[in-house]
């Protein structure tokens, strides 16, 4: 069974204090790994897709990396507006289009 | 990216009643997806809705409990039937984008008393 585990469950940072979020996954074959941001009362907002080990993607203060067993979301010099829940999801080989397996998310709080 | 509108944004319902959630997309899409996000849980796919055919349900979800309509390429509804407190969740409509990523609506926060 496909499985996604995110850690930590919650992370509190001071503004400017860089850190990383972890996403460990177990799938029969990976078609894609996705990172989303979710603000309270809103749906998930797409951030990145990663397809193969060694791949990296960047957007502003965020950088996502992928290995064969896990992905990291690195946050450099975060600001209070980066506070949100960050979700990781995988699309496994052999699953139907649109069926993503999500982790439970990491709640990030950035204090000024 | 697609713009996805969901109505209602939130509702409080009584046990035993039903609620229909609407999802409108600003472009024509072949497939629409309904997800559930229970408190403290991860998002789970309920079903895939194709225009012109019956929805395909994931294991653990049945048509009698979650009937879905897909009358055209921009609109879908999900009904949560005979509700119980365990149905209290956020229900999310989504559509696909390039590279198999999904775009999500803002969700419907449902509380069942």
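Worth pointing out:
- Cα gyration tensor, segment B:68-113 - rounded (a/c under 1.5), prolate or oblate: oblate
- FRET efficiency for residue A:24 and residue A:97, using Cβ-Cβ distance with R0 set to 25 Å, rounded to 0.05: 0.55
- Model label points for residue B:61 and residue B:82, set 7 angstrom from Cα along the Cα-to-Cβ axis, are 1.9 nm apart.
- Across peptide A:95-106, the average count of Cβ atoms from other chains found within 10 Å of a residue's Cβ is 6.
- Pairwise label distance in nanometres, residue B:1 with residue B:20, each label 7 Å out on the Cα-Cβ vector: 3.0 nm
- Gap separating the Cα centres of segment A:20-91 and segment B:21-78, nearest whole Å: 25 Å
- Cα coordinate range in segment B:1-105, projected on the principal axes (Å, largest first): 38, 29, 26
- For the residues B:80, B:95, B:62, a GNM of chain B with alpha-carbon springs under 10 Å puts the largest fluctuation on B:62.
- If you model the protein assembly as shown as an ellipsoid using its alpha carbon gyration tensor, with each semi-axis the square root of five times an eigenvalue, the axes come out at 30, 20, 16 Å, biggest first.
- For segment B:1-54: rounded, prolate or oblate by the Cα gyration tensor [a/c cutoff 1.5]: prolate
- Among B:88, B:76, B:59, the largest mean-square fluctuation in a Gaussian network model of chain B (Cα springs under 10 Å) belongs to B:59.
- Across A:24, A:71, A:52, mean-square fluctuation computed from a Gaussian network of chain A (C-alpha pairs under 10 Å connected) peaks at A:52.
Since every read-out is calculated from the coordinates, none of them should be taken as a lab result. If you're wondering where the values come from, they're calculated on a predicted model, not measured in any experiment. Because the Cβ atoms are built from the backbone with ideal geometry, glycine has one as well, and the counts that use them run over all protein chains shown.
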